[in-house]
Protein chains: 2
Amino acid sequence: MQIARSIPEMKALRSKCVESVGFVPTMGYLHEGHIELVRVARRDNPVAVVSIFVNPTQFAPNEDYKAYPRDLDRDLSVLDKVKTGIVFIPDSDEMYAGGYNTWVDVQGITGKLEGKSRPTHFRGVTTICNKLFNIVQPDKAYFGQKDAQQALVIQKMVADLNMNLEVIVCPTIREKDGLAMSSRNTYLTDSERLSAPVLYRSLCMARDMFAKGERDAGIIRKAMADLISQEPAAKIDYVSIADMQTLDEVDTIKSKALVSLAVRLGKPRLIDNIVLG
Amino acid sequence: MQIARSIPEMKALRSKCVESVGFVPTMGYLHEGHIELVRVARRDNPVAVVSIFVNPTQFAPNEDYKAYPRDLDRDLSVLDKVKTGIVFIPDSDEMYAGGYNTWVDVQGITGKLEGKSRPTHFRGVTTICNKLFNIVQPDKAYFGQKDAQQALVIQKMVADLNMNLEVIVCPTIREKDGLAMSSRNTYLTDSERLSAPVLYRSLCMARDMFAKGERDAGIIRKAMADLISQEPAAKIDYVSIADMQTLDEVDTIKSKALVSLAVRLGKPRLIDNIVLG
């Protein structure tokens, strides 16, 4: 496993890869969800590149940039085990060098769901992914379905800007009790951790209602919210059933729909989703 | 000379180029300024790609998108003569396909000079250049010094987003009387055309004053404005002496400075510049 700690180092290593490169951009503190993305990348490509970079520009000033969990030694040891070819650990000062002032902005869908609660978040995500794609020049980049809106936004950027890679979205990896894996799960207290599976339970309930023929999105949303509200620690940010392309809320589920939610459990804010149809 | 009329065609032709590719993005209606860029691109690279695309997103609604001069047959014949390898003539509907919604924005320097008069202009320029760079994947892209701010903005985007090409700025090509070549010069009436060299005359005067030791930017700006005002048809938009990096106006010329101006002659709006120091 080779480690690149600067942009020129990464570009130099990339230029030596003659076959296809799979790329998994991460903010580190890797869990099984990330590792599964690396496994898929390795299965599809001779070389998997993983970046570890807690990207400051996707955090708002009131968010957890400084507190975001970090454990580089453990990350490197895990990545070595799954035969990662190259780990790219850029430096924030190099990525956003003095006078940095260029932003990549996907409009429209970034104003919905997560974007409504976190108005500058996706601009930070698309900008850093654009930069990382230019540096790593992957043939394929792998993202988790857990951040469904992020995956849609990245796919939209890649298509609109004619970037030369394929974005592949892999299924959400869950704990045994259904909680979607996330580096932020470490923020949960023991009792919050016990409440956390309610997010997935509410999604499963939506799936069951849909399977039994319910097509009224409002009825499903309300049932989900009612279930979540039974957890005293849970504070709903949103429960959404939206069109897969526009992320506009739907009244009636006609074709595919994204069921997604954001819930605060104490301080931590958790998100999850499934696709119906 | 090969012609690509769609993005997949262009990408397919590009993938067959094994050696370095030089790229000259244009809006067509080519003049000697463009042709000189193609010559330099051909001198530096085995293959020169020229794009012809009047980019709607860099025109404001009140600007001349529809009226912008076009002559594809003449352009192709001229490009063939200077041994252009590939001409890319994309379609607006393909470049901005249904639901297009991604923008690349260089902030800061785009708010000055041309950006002040044309607030959405540079966002259109950076977005289309980003797309064209991704499609053509050039090793080097060539721009004219005549659009000095545009060249700076593109260089900033390429550096900030870690794009894999070099931006090369070539000297302004002028008519015998000093008027900088521009497709928009065709808008000038005969009498406006006679007045037009006053832009370059004022720049030469600035150069002379600087050569004789004048370092007070205000004095030079005023002398330039006075000279231009002697042409009754001329209406000054701006006369600027600015820092080369920030494009902030300077009081005293200490190192390099960009002397630039925009002047309306009747309807047409002309720009020009030189670098001092």
## Note on the structure
Taking region B:206-216 and keeping only residues that are surrounded by fewer than 16 Cβ atoms within 10 Å (Cβ to Cβ) and either within 23 Å of the chain's Cα centre (by Cα) or assigned to a loop (DSSP other than H, G, I, E, B) (or both), one is left with B:207, B:212, B:213, B:214
### Task
Inspect all residues belonging to region B:24-33 and state whether any of them is more than 14 Å from every other protein chain (Cβ to nearest Cβ), of a type in the set (Ser, Thr, Tyr) and within 16 Å of residue B:132 (Cα to Cα).
yes
### Within region B:62-105, tally of residues that are part of a loop (DSSP other than H, G, I, E, B) and not aromatic (Phe, Trp, Tyr)
19
### Task
For region B:91-109, name all the residues that are more than 9 Å from chain A (Cβ to nearest Cβ) and at pLDDT 95 or above.
B:91, B:92, B:93, B:94
### Query
Cβ-Cβ below 8 Å, separation at least six or inter-chain, first residue in region B:122-143 and at the interface with chain A (Cβ under 10 Å from one of its Cβ atoms), second of a type in the set (D, E, K, R) and surrounded by 22 or more Cβ atoms within 10 Å (Cβ to Cβ): which pairs?
B:131/A:160
### Query
List the pairs whose first member sits in region A:237-262 and is within 19 Å of residue A:171 (Cα to Cα), whose second member is in a strand (DSSP E or B) and among the basic types (Lys, Arg), and whose Cβ atoms are under 8 Å apart, counting only residues at least 6 apart or on separate chains?
A:262/A:269
### Query
Do you know which residues across region A:145-161 are under 12 Å from the mean Cα position of the chain (by Cα), small (Gly, Ala, Ser) and within 11 Å of another protein chain (Cβ to nearest Cβ)?
none
### Task
Say whether the condition of being farther than 29 Å from residue A:107 by Cβ, free of Cβ contacts under 8 Å to residues at least 12 places away in the same chain and not acidic (Asp, Glu) is met by at least one residue in region A:171-180.
yes
### Query
Among the listed residues B:195, B:183, which satisfies the condition of being of a type in the set (S, T, N, Q) and modelled with pLDDT under 95?
B:183
### Task
Hey, can you tell me all the residues within region A:109-132 that are under 16 Å from the mean Cα position of the chain (by Cα), within 27 Å of residue A:12 (Cα to Cα) and crowded, with 22+ Cβ neighbours inside 10 Å?
A:125, A:126, A:127, A:128, A:129, A:130, A:132
### Query
How many residues, within region B:36-46, are crowded, with 19+ Cβ neighbours inside 10 Å and either among the aliphatic types (A, V, I, L, M) or part of a strand (DSSP E or B) (or both)?
3
### Of residues in region B:10-23 being surrounded by fewer than 18 Cβ atoms within 10 Å (Cβ to Cβ) and either away from chain A (no Cβ under 14 Å) or in contact (Cβ under 8 Å) with a residue 12 or more places away in the chain (or both), the one nearest to residue B:94 (Cα to Cα)
B:11
### Message
Step by step: first the residues of region A:47-61, then only those that are in contact (Cβ under 8 Å) with a residue 40 or more places away in the chain and assigned to a loop (DSSP other than H, G, I, E, B), then the one that is nearest to residue A:34 (Cα to Cα). Which residue is that?
### Response
A:53
### Task
Sort through B:119, B:90 and tell me the only one that's more than 20 Å from residue B:29 (Cα to Cα) and touching a residue at least 24 places away in the same chain (Cβ under 8 Å).
B:119
### Query
When only residues in region A:228-277 that are among the charged types (D, E, K, R) and within 18 Å of the chain's Cα centre (by Cα) count, which is surrounded by the most Cβ atoms within 10 Å (Cβ to Cβ)?
A:272
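The values are calculated or read from the model by the stated rules, or taken from the named source; none is laboratory data. In this text, all values refer to a predicted model and were calculated from it rather than measured experimentally. Every residue, glycine as well, gets a Cβ built from its backbone with ideal geometry; the counts of neighbours run over all protein chains shown.
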